Each structure stands twice: as C-alpha cells, then as structure tokens.
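Here is the structure we will look at, set down as structure tokens.
No lab work stands behind these numbers, since they all come straight from the coordinates. Just so we're clear, the structure is a prediction, and the values are computed from it rather than from any experiment. All Cβ positions, even for glycine, are placed from backbone atoms using ideal geometry, and neighbour counts span all protein chains on display.
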Amino acid sequence: MSTRRTLLTQVSKTAAMAAVPQLPAYLIASAQPPHGVQKPGKRATDEMTVNSAPQPEHYPQPDFGSPPTELPAECKSIRGSNSLRAHARQRGLIAGAALAVRSLEKDPAMQELIADQYGILVPENDLKWRALRPTLKDYDFTASDALFAFAGQHKILVRAHTLVWHNSVPDWLRNHQPQTDVRQLFVEHIRTVVSRYRGRVHSWDVVNEAILPADSQPNGMRRSFWYESVGPDYIELAFRTAHEADPRAKLTYNDYGVEYDSDDQAERRRHILALVQRLRRDNVPLDAVGIQSHIKAGSPYSIGHGLADYIASIHSMGLEVYLTEMDVNEDDLPFDDVLRRDQAVAETYRKFLDVALASPAVKLVLTWGVSDRRTWLNDGPTHHRKQPNRPQRSLPFDAQYRPTPAFFAIRDAIDHRLLS
Ligand code: XIL
C-alpha cells in the first residue's frame, strides 16, 4: 500500500508547472472576427448549467467520518472475475469512473477498490482550465500528472476531460485584457495539454456541452465564452488542434440532456446530431460522442426510443458512443427510507443501461464518482441537494465502500447486454 501512496506524490510540483511554450504559426488562423454570433438581450440557461457552475455557496459536505482503512468484507466477493472491470470486458466494454486524484492520497482502501473495479479513469476536475491554468502564463499539471501516474501503475486507461467547457473558464480569462488574443490562447492551451499526455490518453473530451437551444443562436449553439471570444468555428478548431497534438487519442464530443423521451431533450438530440453531421462532412477528426448520463430516479419522463434512435444515428455515422458521467440523482424521491431509495436508484440505472447498452456502438460505461462519500450531487446549494440532511445515494459504492444495489444493477445490465 505504501508504494501506491508514494506514487501519488512522486510528481513534483516544479516538474508539473510549465511555462507557456511558443506556438507554431501554422496552427494559428489569422484572427477571425467571431462572426455569426447573435446577441439576444439576456443569456439563457438551464438547470444543468447552473448546477455544474462553480458554486460559491455550498451546503457543508455530509460528514461520513474517516474513510474505511481497508475494504469491507462485502468487497471480497466482487473482486477479480466478479468485478465491473471483468464483466464489462466480457461484453466488449470498458468500465470506469471519475475521481479527484487528491482524494486518493490518504485513502488506500479507495485505491484498492479502483484498481479492482475499473479499466478506465477520468479526472473529475483536474484537466479543466480552472485547474490547469492558475494564470495566463502558467500551467499546473501536479494533479493530472499524479492521476496519469496512478493509472499507469495499475494499468488503467485514462479519459481526459475536458479541453473546452463553458463552465471552467478561469476568472483571469473571463476578465482578460482587451489585447489578449483569446483564439491564440485557446489553440495554444489545447496543443500544450494534449501534447503533454500524447500517447497516454484513451479518449479526450475535446468539447463539452456546446449546445443550448435556449440561447437562441444558429444551430442551437450555446452562447458560451468560447463561442463569443473564439468564434462559432471554435469546435472545429479545437478538434483539429487536438488531433495534431495526439493523433491516437479518440476525440469525443460530450453533452448532457439527451437521455429522456421529452420534447426538450429531443430538440437537444437533433442539434447535437446536426453538429456531428457537419463535423463529419467537413472531415473534422471526431471519433466518439459522449452521453453524460446524469439521470434521475422518479423522473416523469421515460428512457426509450429517443435515446435508442440517437445512439443508432451516431453509430450510423461511424462513431463510437461513450456513457461518460453516469449517476442517479435521487433527491426528488418522496421517501427517506434508504432501502427503497437504493432500489429506485438501481432500477433507474438498469432501465437506462438496458436501452443504451443494446447498441454495439457503446464502448465505455463510466460513473461520475465511485462512492457516495464524494459526489458532485452533494455540492448544493439548492439545485442538487435540496434536502441538506439527506446525502445522495447515487453511485455504485456507499460511503463505507460497500457495493450498493446500483453496483449490481450496473453489473447485471452489462451481463445482459444483447448485441444484435
Ligand atoms: C462537475 C464536478 O463534478 C464538480 O466537482 C465541479 O464543481 C463542477 O463540475 N458535467 C460535466 C462535468 O461535464 O465536468 C461536471 O463536473 C458535471 C456535469
């Protein structure tokens, strides 16, 4: 166990801090005015956008006491050939989870659990602009280097998340000087970060959440900082730059709000498919579409043809599909009983996965977190954890690292995957 702990701290801070390198001129298109951007009076938003924004005003995180010092007895029977990792492999899938590498440092039981269960990891926040870019001039790769080191040591793949996201623009950039060339900075950032991990990344979430029809832009585009400052071609530019820097990483467009048979989500699906089609037509290097899969227990909407047809359309364009951020928000369930809530969460995973995994296009299944000890769904203040004294039970392991009914529902759904 001590070797594991040492490895996490092996990457020195100095080595991980890098100065901004020079960018070859051919990668910088001459400064194009961000044409085509329409400015409605008020910027629209939706629940997910608000929820995933950095929250100034949190509920205190639930206090679960110290993490267990070793894995509980319940984990013995789910190791090796009984793990998510092994079951997934049997069905042509890779199972994974998001995590914060810092949370592993003093938690050998969690390290062991991850090494047992997962074939792929994704840093929850450590590769976002806000984490990597303390200032205009600096990069801080301390945490992301540690994650790659940990994954490498355990022969676990890494999904890298994310190069371009509206909610992770550092304050210094949002309030940049008029003379800052944001387009150049954008290209340079992508090139630097992707090059650093070249050859070590299974897939990159190049662009995350670019569609928001409520923003009233052409093609359902979100009126994000990147859209406004780099221009409507920022998506294409990001993919081309990432591909130059690491031709082997699978490049992914990732988005939410496509899982349910509701009119709003049908509209989101149409816009995303049209975007993907345009990228394919223009030979933009794109390998996969990510479905975030933040779903709800007790949702009034069902999961069915909308999702199945969406996945089939992506498949027919020759792309892979990844379930990138699964979790089940159970805050709206009208009962407190833990067993009933756990059953409802498990059933929600099962219904979703039964539809999604029916397509051979789906290659990755990841949850957004490992244990209920740490989930963004507890971040609050009001959107996620509406009930401050009822921590969410959303993930495959509970706060003591025991497998929950959700674990078994996910594993069963994988086992029952019927590929046509
Ligand atoms: C979330 C993290 O889980 C939080 O810790 C952070 O405060 C905000 O971002 N969709 C995404 C993820 O693509 O990057 C978001 O992660 C969750 C929603």
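For the range 346-420, trypsin sites (Lys or Arg not before Pro) meeting the loop criterion (DSSP other than H, G, I, E, B) and having at most 15 other Cβ atoms within 10 Å: Lys386. In this structure, the amide hydrogen of Val122, modeled 1.01 Å from its nitrogen in the peptide plane, lies closer than 5 angstrom to those of Ala97, Ala98, Leu99, Arg159, counting only residues at least 5 positions away or on a different chain. Projected over all directions and averaged, the alpha-carbon convex hull of the range 302-410 occupies 7.2 nm². Between Ala100 and Thr135, the modelled labels are 2.5 nm apart [label points 7 Å from Cα along Cα→Cβ]. Around the amide H of Tyr139, modelled in the peptide plane, lie the amide H atoms of Ala18, all under 5 Å away and 5 or more residues distant in sequence or on another chain.
Ordering Leu185, Ser359, Gly290 by Cα displacement along the dipole of the chain toward the positive end leaves Leu185 in first place; charges were set at the Cβ atoms of Lys, Arg (+1) and Asp, Glu (-1).
Between Gln90 and Ala73, 0.36 nm times their residue separation minus their Cα-Cα distance comes to what?
Extra length available between Gln90 and Ala73 comes to 3.6 nm.
Could you work out how much longer the chain between Ala308 and Phe64 gets when fully extended? Use 0.36 nm per residue separation minus the Cα distance between them, nm to one decimal.
This chain segment gains 84.0 nm when fully extended.
In Å, what Kirkwood hydrodynamic radius results for the range 136-188 from the alpha-carbon pair distances? The Cα-based Kirkwood calculation yields 13.5 Å. Loop-resident trypsin sites (Lys or Arg not before Pro) (DSSP state other than H, G, I, E or B) in the range 222-265 with no more than 14 further Cβ atoms inside 10 Å of their Cβ: Arg248.
Ordering Phe225, Phe64 from the fewest to the most neighbouring beta carbons within 10 Å gives Phe64, Phe225. Ordered from longest to shortest, the equivalent ellipsoid semi-axes for the chain are 32, 26, 21 Å, each the square root of 5 times a Cα gyration tensor eigenvalue. Report summary: the helix-based calculation at 222 nm, which adds -39500 (n - 2.57) for every DSSP H run with n ≥ 4 and divides by the residues of the chain, gives -10500 deg cm²/dmol. A simple spin-label model places pseudo-atoms 7 Å from Cα toward Cβ; at Lys351 and Arg402 they are separated by 2.7 nm. Over the range 98-212, all Cα pairs binned in 10 Å intervals from 0 give whole-percent P(r) values of 12, 44, 30, 12, 2, 0, listed from short to long.
Taking every DSSP bridge with both residues inside the chain, close to 10 percent are antiparallel. Loop-resident trypsin sites (Lys or Arg not before Pro) (DSSP state other than H, G, I, E or B) in the range 107-171 with no more than 12 further Cβ atoms inside 10 Å of their Cβ: Lys137, Lys155.
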